[in-house]
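Trainee: Okay, handing you the structure first.
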2 protein chains.
Amino acid sequence: MEPAVSEFGEEELIKFVLEVLDEGFLPKNEDCAGFLLNGKVIGFCTDSFVNKTDFPPRANYWFAGWKTVTMCVSDAVSKALEPCAFIASVNIPKSLPYVDFKRIIYGMKSACRYYGVKYLGGDIGESDNVVLAGAVVAVGEKEDVVLRSGAKPGDYLAVTGPFGDARIGLELLLGKVKATKESALDRKLILKFLKPIARVEEGLKLSKRTGVTSRIDSSDGLAASLWLLADLSGVGFVIDKLPASPELLEFCERNGLDAKEFVFYGGEEYELVFTVSPDRWHEVEEIAKKHSLNVLRIGRSTAEKGILFIDASGGEYKVQRRGWTHLRCER
Amino acid sequence: MEPAVSEFGEEELIKFVLEVLDEGFLPKNEDCAGFLLNGKVIGFCTDSFVNKTDFPPRANYWFAGWKTVTMCVSDAVSKALEPCAFIASVNIPKSLPYVDFKRIIYGMKSACRYYGVKYLGGDIGESDNVVLAGAVVAVGEKEDVVLRSGAKPGDYLAVTGPFGDARIGLELLLGKVKATKESALDRKLILKFLKPIARVEEGLKLSKRTGVTSRIDSSDGLAASLWLLADLSGVGFVIDKLPASPELLEFCERNGLDAKEFVFYGGEEYELVFTVSPDRWHEVEEIAKKHSLNVLRIGRSTAEKGILFIDASGGEYKVQRRGWTHLRCER
């Protein structure tokens, strides 16, 4: 018997693919491909939603469509490339209710409209799972493009929103954590999972041109994102502010949970994590203020490797090198 | 119980999606989306390969990778748009042998190299079937773009190669037709199914600028392609030459099969089917000769609706309005 892919794991598979890929304008280790056309950067990215691994039973398929678009849009805007067109390959089982098929398409359409992207086409096929492969074409200027590498020691570390909410939302849906019975609170957290928002304005208005030195979208969790930025830029990070929402803190307190666990290792959110030259931080602040963008400074990059969180009382916590592993939502 | 998608059929699903899609530069009924960027047309298309429906048991996965690229490239070049970058969402079961995963990636890489397209990235996910969703970005000039609509009565009808070989190859693989025991002949037909070639040079060198009035790539069979051109252009066709290879004719004679059945309703080949203004046919001929392109004139479009094949002895045969339905290759 030949060994199966499961014996190798996703990282090994990705490593193999990276060796085979051609060189484009963007480095291979980015989540978005790119090439130059008449001096413009054309970005090109794909992301798949699979109900088997990405979706709790009985969730509404509208959100599957929404999320497929969000994943692709987020990949593009984190590089400061403006998404303009979306297409999707929609593969579904024959037994899927027609109404769910329609929900998928409407979810995609709604997300495209929300992000200002044209939903232009695709392809329909049959498979045993619902497999939605979205793809986006984006356009930008060379001077704006932000990569995962590029952080320098001393840069400010910032994010576009709180972390961990989506993970709690998912665990609520799966019945893995106890609901607070405060339905408004629970619902808010669940919606953060089901209907994540890609940070389009933040991604496009804050770019290399305005002092951003590195950036990633955090679909695999804050810790994994920070480790990627750290490894590719050759820096470490010290975090002095935990990017947690009041809802998350309240929920964790009520349930006796460690908020840090959700903030750092949650995943399934699409916030941007980025670094900024300290001498240009004021530019970022001005732009954020002018356009009401979500920007929160949470720390600094350091010459010393490793990622450290220092809490308000001076306690030190080492952020572990572990990522989001797909929560299985087997049906 | 909500009715399932199987009760509606692919056409109904496509109709629903078409109503939801946004308007782009290319009409919605094309297999390729498009938008304008600085005066250039950017084409953007996706196509999925699913082993459940598209692949005979025990076939080598290298061909699955090859075919995924070919499908996307063919969609682009049939519009006279030059494909420049390819990405793929590769969804596979955990039990897939690692060697088959590598074959998929190598097959994609080989096809990209063959077509002069850069293989720039993608995404890996888990699903119960092998679902390969390829996407291509292509570039072209407005003046070149060829649509499915546009054929005028009197136009010449032409194709870039013979039809039916791939279907016989597939049926040989599935054991549905008897092998001739002439292994070279059988192998040639099987290879036409496993390793189809998109007609890149023909698609790009022959365009609207050189007199092509309408075009489609024939992945659903010659009859289905002709009916689409006919319906969208508002014409009919008379065919006076059956585009069949010597191999197909030999195979059908040996097996007592009707060659017309395979030529018109075979599918899974990626030849281009196109119409040309009669007064510009000489241009097409000259370009074909100069660049050694495969171009075969097989008939004419007519004001009268319907599609008729008239054989060498004057016998008339009505080409039916039936397409390729995916041959189930259930494993």
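The values are calculated or read from the model by the stated rules, or taken from the named source; none is laboratory data. Predicted model only: the values in this text are computed from it and were never measured. Don't worry about glycine lacking a Cβ; one is built from the backbone with ideal geometry, like all the others, and counts go over all protein chains shown.
Trainee: Being facing chain A (nearest Cβ under 7 Å) and in a loop (DSSP other than H, G, I, E, B) is the filter here; which residues of the range B:1-16 pass it?
Mentor: Of everything in the range B:1-16, those that are facing chain A (nearest Cβ under 7 Å) and in a loop (DSSP other than H, G, I, E, B) turn out to be B:E2, B:P3, B:F8.
Trainee: Here's another thing I want to ask about it. Does B:R58 satisfy being surrounded by fewer than 24 Cβ atoms within 10 Å (Cβ to Cβ), more than 8 Å from chain A (Cβ to nearest Cβ), at pLDDT below 95 and out of contact with any Pro (no Cβ under 9 Å at 6 or more places or on another chain)?
Mentor: yes
Trainee: Then there's this: From B:I104, B:I87, grab the single residue that is surrounded by 24 or more Cβ atoms within 10 Å (Cβ to Cβ), free of Cβ contacts under 8 Å to residues at least 60 places away in the same chain, more than 25 Å from B:G150 (Cβ to Cβ) and at the interface with chain A (Cβ under 7 Å from one of its Cβ atoms).
Mentor: Selected residue: B:I87, the only one of B:I104, B:I87 that is surrounded by 24 or more Cβ atoms within 10 Å (Cβ to Cβ), free of Cβ contacts under 8 Å to residues at least 60 places away in the same chain, more than 25 Å from B:G150 (Cβ to Cβ) and at the interface with chain A (Cβ under 7 Å from one of its Cβ atoms).
Trainee: Scan the range A:231-243 for residues that are under 15 Å from A:I298 (Cα atoms), out of contact with any Gly (no Cβ under 6 Å at 6 or more places or on another chain) and of a type in the set (A, V, I, L, M) and jot them down.
Mentor: Listed by number, the list holds a single entry, A:L242.
Trainee: Something else now. Quick one: would you say B:I42 is of a type in the set (A, V, I, L, M), over 30 Å from A:E11 (Cβ atoms) and either more than 7 Å from chain A (Cβ to nearest Cβ) or out of contact with any Ser or Thr (no Cβ under 7 Å at 6 or more places or on another chain) (or both)?
Mentor: Yes: the conditions hold for B:I42.
Trainee: Considering A:T160, A:T180, A:T210, which residue is surrounded by fewer than 22 Cβ atoms within 10 Å (Cβ to Cβ), among the hydroxyl-bearing types (S, T, Y) and closer than 27 Å to A:A288 by Cβ?
Mentor: That would be A:T210, the only listed residue that is surrounded by fewer than 22 Cβ atoms within 10 Å (Cβ to Cβ), among the hydroxyl-bearing types (S, T, Y) and closer than 27 Å to A:A288 by Cβ.
Trainee: Look through A:E143, A:E202 and report the one residue that is modelled with pLDDT of 95 or more and in contact with a helix residue (DSSP H, G or I) (Cβ under 6 Å, 6 or more places away or on another chain).
Mentor: None of the other options fit; the residue is A:E143.
Trainee: Assuming A:E19 fulfils every condition listed in (1) touching a helix residue (DSSP H, G or I) at 6+ places or on another chain (Cβ under 9 Å); (2) surrounded by fewer than 24 Cβ atoms within 10 Å (Cβ to Cβ); (3) at the interface with chain B (Cβ under 10 Å from one of its Cβ atoms) apart from one, which condition is it?
Mentor: Unmet condition: (1).
Trainee: Only one of A:A184, A:A166 is part of a helix (DSSP H, G or I), of a type in the set (G, A, S) and closer than 14 Å to A:V263 by Cβ; which?
Mentor: Sole residue among the options that is part of a helix (DSSP H, G or I), of a type in the set (G, A, S) and closer than 14 Å to A:V263 by Cβ: A:A166.
Trainee: B:S110 fails exactly one of the following numbered conditions: (1) out of contact with any helix residue (DSSP H, G or I) (no Cβ under 7 Å at 6 or more places or on another chain); (2) within 14 Å of chain A (Cβ to nearest Cβ); (3) surrounded by fewer than 19 Cβ atoms within 10 Å (Cβ to Cβ). What is the number of that condition?
Mentor: All conditions are met except number (1).
Trainee: If you don't mind, another one. When B:F63 is evaluated against the numbered criteria (1) surrounded by 18 or more Cβ atoms within 10 Å (Cβ to Cβ); (2) at the interface with chain A (Cβ under 7 Å from one of its Cβ atoms), which criterion, by number, is the only one it fails?
Mentor: (2)
Trainee: Need the failing condition index for B:A259 against (1) under 15 Å from B:N29 (Cα atoms); (2) small (G, A, S); (3) touching a helix residue (DSSP H, G or I) at 6+ places or on another chain (Cβ under 9 Å), just the number.
Mentor: For B:A259, the exception is condition (1).
Trainee: Does at least one position in the range A:124-140 carry a residue that is within 20 Å of A:L194 (Cβ to Cβ), facing chain B (nearest Cβ under 9 Å) and in a helix (DSSP H, G or I)?
Mentor: Among the residues of the range A:124-140, not one is within 20 Å of A:L194 (Cβ to Cβ), facing chain B (nearest Cβ under 9 Å) and in a helix (DSSP H, G or I), which makes the answer no.
Trainee: Tell me, which residue of the range B:22-39 that is touching a Phe, Trp or Tyr at 6+ places or on another chain (Cβ under 8 Å) and facing another protein chain (nearest Cβ under 7 Å) is farthest from A:P93 (Cα to Cα)?
Mentor: B:F35
Trainee: Given (1) more than 24 Å from B:A224 (Cβ to Cβ); (2) buried (at least 22 other Cβ atoms within 10 Å of the Cβ), identify the lone condition not met by B:K289.
Mentor: Of everything listed in (1) more than 24 Å from B:A224 (Cβ to Cβ); (2) buried (at least 22 other Cβ atoms within 10 Å of the Cβ), B:K289 misses just condition (2).
Trainee: Can B:F274 be described as touching a Gly at 6+ places or on another chain (Cβ under 6 Å) and aromatic (F, W, Y)?
Mentor: no
Trainee: Out of B:P246, B:P196, report the one residue that is of a type outside the set (V, I, T), under 20 Å from B:S292 (Cβ atoms) and out of contact with any Asp or Glu (no Cβ under 8 Å at 6 or more places or on another chain).
Mentor: B:P246
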